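The structure appears below as structure tokens.
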Amino acid sequence: MESSLDQVRVQAPPEASRARGILGVAARLALAAGLLAFVFSRSDFGEMTVRWSGAAVIGVLAAAIVIWGVLAVDALRWHLLLGGVSPYRGLFRLYLIGWYFSLFLPTTVGGDAVRVLGVTRIGVRAGEAVSSVLLDRVVGFVTLIGIFAVGAGAAPWIVARAAEHFEWSLGWIPMSALAITGVAGMVSFVLVGRRVPKVACFLTDAAAVWHRLRVAPGLAGAAIAVSVVGQAGFIAAWLLVSAGLRLDVPVMAFVVFVPLVSVATMLPITVSGLGIREGVWALLMAPFGVPAADAVVCSLLFYVASLAVGGIGGVLFVRSGLRSSRRGHSLSNRASGRLRLGEDRVSSTV
């Protein structure tokens, strides 16, 4: 049995699979358009107070620069989780390209798939690539929850005011059932997959990432610290757009609400979370006297800033696809070899 997925040949998807993919994207585009139309119908643009001005333009441009910096920081987090086996410059490039794809595919799923494919082309085994991207998302998600908890603890009145305007129809029983089902599915995949050769190879490669963090726990701590900086930058980008529009919303409200909006847009329902993001912001800003139309405009302008950064990734992809330089590939292989040699030595002493 092969020791890794490096020997597995990747075949082009059949035409039927491509057609299903196109139909899936089209369906999500239609759903995004429907949600946006619904949000617009619930927004009275006659009450809109924001006006297009130089301050709004500066706010959007500044937000775009901050988003670019956030992606640079997130690429560093991914670099740390991979243990330095791939050059940072190549990972940052893949992050930009992944951001470009995530703007036109279902939430971050499309961008993550691109990152996995790209990093396997610079010497990282498939199992490690998938595991590193998954772990990268987990660290980011945990950081979001932590920032939300800190914000809610520091300004409980923000949460209290927002809670007064909501009626939560989804109880704890359905949420618990969903969480248990997800955990059971992952456990079943591991237990059953060990008996399938290709899946077993995949799990073996993926275990290398977790083993790396176990023998070097400082990497996990550094990744979390970097993630906090990145998420703080993401909140700052929203604040810049809001400030440019002169919305009267407390800063702490963004500390509490941006994590909630980010989690909501992770749902693979529409393309890039369009419609979901605007609707959630309209609901969250309403308790602070912000008209729904203003909240929708703020959200769409943030999307424009994201598109500006995504354009950089699009240019990189058009110029050279997911390919990296030979020098980067060589550096990756040498670093990967040194790391695996160190892991073997650690394993032999345990």
Taking the stretch 256-288 as the region of interest, how many residues are closer than 24 Å to Ile58 by Cα and open to solvent by 30 Å² or more (accessible area, probe 1.4 Å)?
0
Filter the stretch 64-104 for residues that are under 14 Å from Ala129 (Cβ atoms) and assigned to a loop (DSSP other than H, G, I, E, B); the one that is most open to solvent (accessible area, probe 1.4 Å) is Gly83
Out of (1) part of a helix (DSSP H, G or I); (2) at pLDDT below 85, the one Ala149 does not meet is (2)
Would you say Val124 is crowded, with 24+ Cβ neighbours inside 10 Å and in a helix (DSSP H, G or I)?
no
Can you pull out every residue in the stretch 52-63 that is assigned to a helix (DSSP H, G or I) and out of contact with any Ser or Thr (no Cβ under 8 Å at 6 or more places or on another chain)?
Gly54, Ala55, Ala56, Val57, Ile58, Val60, Leu61, Ala62, Ala63
Within the stretch 309-322, track down each residue that is touching a residue at least 24 places away in the same chain (Cβ under 8 Å) and over 16 Å from Gly111 (Cα atoms).
none
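The values are calculated or read from the model by the stated rules, or taken from the named source; none is laboratory data. Everything numeric in this text was worked out from a predicted model, so none of it was measured. Please note: Cβ atoms are built from the backbone with ideal geometry, for glycine as well, and neighbour counts cover all protein chains shown. Calculation scope for accessible area: heavy atoms of the full protein, side chains included, ligands and nucleic acids excluded. Shrake-Rupley method; radii C 1.70, N 1.55, O 1.52, S 1.80 Å.
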